1. From (1) touching a residue at least 24 places away in the same chain (Cβ under 8 Å); (2) touching a Ser or Thr at 6+ places or on another chain (Cβ under 7 Å); (3) not in a strand (DSSP E or B), pick out the condition that doesn't hold for residue 13.
2. In this structure, does residue 32 turn out to be of a type in the set (Val, Ile, Thr) and modelled with pLDDT under 90?
3. Anything in segment 51-73 that is part of a strand (DSSP E or B) and either under 23 Å from residue 4 (Cα atoms) or charged (D, E, K, R) (or both)? List them, or say none.
4. For the subset of segment 47-73 comprising residues that are over 12 Å from the mean Cα position of the chain (by Cα) and β-branched (Val, Ile, Thr), which member is nearest to residue 27 (Cα to Cα)?
5. Of the numbered conditions (1) surrounded by fewer than 14 Cβ atoms within 10 Å (Cβ to Cβ); (2) under 13 Å from the mean Cα position of the chain (by Cα), residue 35 satisfies every one except a single condition; which is it?
6. Output yes when any residue across segment 50-64 is of a type outside the set (D, E, K, R), at positive phi and in contact with a Ser or Thr (Cβ under 9 Å, 6 or more places away or on another chain), and no when none is.
7. Could you check how many residues of segment 28-50 are more than 14 Å from residue 66 (Cα to Cα) and either among the small types (Gly, Ala, Ser) or not in a strand (DSSP E or B) (or both)?
Amino acid sequence: MVPTTVKSERAPCGQTVECQTFEDQDDQILLTQELSYACGCLSIRHEYHDGSVAQRVVHHDGTVLVDELLGSE
């Protein structure tokens, strides 16, 4: 994954901080998007070949804010 740095992105904790974004594709997952915030928050999204989406958002204190798997539409 090649990171891209974004300035002034709003993190899940509400702070506006620098953020690095990563995107990757592989055989099992159609697309992976990861946002890593300077405050320590993290957001990961997987889009699978069958159309389902998994998303996990973690606050910088370790609290999981979102952990869901959505079926294909």
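1. The number of the failed condition is (2).
2. On the way: of a type in the set (Val, Ile, Thr): yes; modelled with pLDDT under 90: yes.
Considered against the rule, which asks whether it is of a type in the set (Val, Ile, Thr) and modelled with pLDDT under 90, residue 32 comes out as yes.
3. Going residue by residue through segment 51-73, those that are part of a strand (DSSP E or B) are 53-58, 64-70.
Answer for segment 51-73, where residues must be part of a strand (DSSP E or B) and either under 23 Å from residue 4 (Cα atoms) or charged (D, E, K, R) (or both): 53, 54, 55, 56, 57, 58, 67, 68.
4. 64
5. Going through the list (1) surrounded by fewer than 14 Cβ atoms within 10 Å (Cβ to Cβ); (2) under 13 Å from the mean Cα position of the chain (by Cα), residue 35 breaks only (1).
6. Within segment 50-64, the subset of a type outside the set (D, E, K, R) is 51-55, 57-60, 62-64.
If we keep only those that are at positive phi too, we end up with 51, 62.
Now restrict to residues that are in contact with a Ser or Thr (Cβ under 9 Å, 6 or more places away or on another chain): 51.
Yes: segment 50-64 contains one or more residues that are of a type outside the set (D, E, K, R), at positive phi and in contact with a Ser or Thr (Cβ under 9 Å, 6 or more places away or on another chain).
7. So the count comes out to 7.
The values are calculated or read from the model by the stated rules, or taken from the named source; none is laboratory data. Just so you know, these numbers come straight off a predicted model, no measurement behind them. Note: ideal-geometry Cβ built from the backbone for every residue, glycine included; neighbour counts use all protein chains shown.
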